[in-house]
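**Student:** To start, I am sharing the structure in question, which I have written as structure tokens.
The values are calculated or read from the model by the stated rules, or taken from the named source; none is laboratory data. Since the structure is predicted, the reported quantities are computational estimates derived from the model, not experimental observations. A quick note on method: Cβ atoms are made from the backbone with ideal geometry, for glycine too, and the neighbour counts reach across all protein chains shown. Side chains included, ligands, DNA and RNA excluded: accessible areas come from the protein's heavy atoms. Shrake-Rupley method; radii C 1.70, N 1.55, O 1.52, S 1.80 Å.
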Amino acid sequence: MTSETAESPVAVNPTAANPTAAVLVIGNEILSGRTKDANLGHIAEKLTEIGVRLREARVVPDVEEEVVAAVNALRARYTYVFTTGGIGPTHDDITAACVAKAFGVALERNPEAVARLERHYAAGQLNEARLRMANVPAGGILIDNPISQAPGFQIGNVFVMAGVPNIMRAMLDGILPRLAGGPALHARTVACELAEGVIAAELSALQDRHPDLEIGSYPYFRAGFFGVSLVLRGTDEQELAAATDELAEIVRRLGGTPTVTVGTKG
């Protein structure tokens, strides 16, 4: 990140004590199935670690009006918006221009971004197509790219990152320390070889008794057996522990053997 400091949305809006986020994936290649998204899960995990709840994910094509509409809708609703894809050197890399239009500002050739590209490419290799990667909305703050140098950028509460997974991860690592997180979200998993239909009613009643927790059911098939992983999430560790104990006892009463683990794996 440059030495400039972007104002945190939480600082601007003190009511955002429990920050939320959305991910906007941009690219025809995702919608066509040619490229499989490898970024959403990683972003969700990293945000959860700092107490930011990922509440929505959208995938839109390389169509200006759709990207602009999505950026404006998401930035108005959530504390943070993270976009991936569409900041490369080709004609269909339109994200920077679309974000500029969403904010109503000019798209400018950023001198610092140009300098980074000049240091990265050998003499004669920095052509006009590659220079497009230095186009940033006016007022945007660069996001470091330690892998290929072409930066992302932040404007307002929107963080624009590359779609290539290793570059996106490096960019996100640089962003995370600057985000204002919320209360840590803890998780427990109760796994058992019961069918969802057997435990559904009891699980619903448990959720009613603990409305501040998120309780989800995720069936699996492994080692020749069907089963279900029951995941509980919450910010209150005592309530989480109590609900986990209740759920383990429910599983036993229904004839199952609960395996309890910390986190969402199990």
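**Student:** In the stretch 103-116, which residues are surrounded by fewer than 22 Cβ atoms within 10 Å (Cβ to Cβ) and assigned to a helix (DSSP H, G or I)?
**Tutor:** F103, P111, E112, V114, A115, R116
**Student:** Quick one: D62 ticks every box in (1) outside any loop (DSSP other than H, G, I, E, B); (2) modelled with pLDDT of 95 or more; (3) more than 13 Å from the chain's Cα centre (by Cα) except a single one, so which number is it?
**Tutor:** Unmet for D62, out of (1) outside any loop (DSSP other than H, G, I, E, B); (2) modelled with pLDDT of 95 or more; (3) more than 13 Å from the chain's Cα centre (by Cα): (1).
**Student:** Kindly evaluate G139 against the criterion of being open to solvent by 10 Å² or more (accessible area, probe 1.4 Å), assigned by the TED database to the domain that holds T83, touching a strand residue (DSSP E or B) at 6+ places or on another chain (Cβ under 7 Å) and over 30 Å from G256 (Cβ atoms).
**Tutor:** yes
**Student:** Another question about this same structure. Just to check your reading of the model, which residue among V67, V81 is β-branched (V, I, T) and not in a helix (DSSP H, G or I)?
**Tutor:** V81
**Student:** Report, by residue number, each residue of the stretch 29-59 that is assigned to a loop (DSSP other than H, G, I, E, B), crowded, with 16+ Cβ neighbours inside 10 Å and among the charged types (D, E, K, R).
**Tutor:** Selection gives D37 alone.
**Student:** Just one of V81, V63, V71, V67 is of a type in the set (V, I, T), open to solvent by 40 Å² or more (accessible area, probe 1.4 Å) and in the same structural domain as A162 (by the TED database); which is it?
**Tutor:** Being of a type in the set (V, I, T), open to solvent by 40 Å² or more (accessible area, probe 1.4 Å) and in the same structural domain as A162 (by the TED database) holds for just one of V81, V63, V71, V67, which is V63.
**Student:** Let me ask something else. Going through L230, L254, L240, L247 one at a time, which residue ends up being closer than 9 Å to C192 by Cα and touching a residue at least 12 places away in the same chain (Cβ under 8 Å)?
**Tutor:** L230
**Student:** What number of residues within the stretch 196-226 are in a loop (DSSP other than H, G, I, E, B) and either open to solvent by 60 Å² or more (accessible area, probe 1.4 Å) or touching a Pro at 6+ places or on another chain (Cβ under 7 Å) (or both)?
**Tutor:** 3
**Student:** Which of the residues belonging to the stretch 228-243 are more than 27 Å from the chain's Cα centre (by Cα) and surrounded by 19 or more Cβ atoms within 10 Å (Cβ to Cβ)?
**Tutor:** A243
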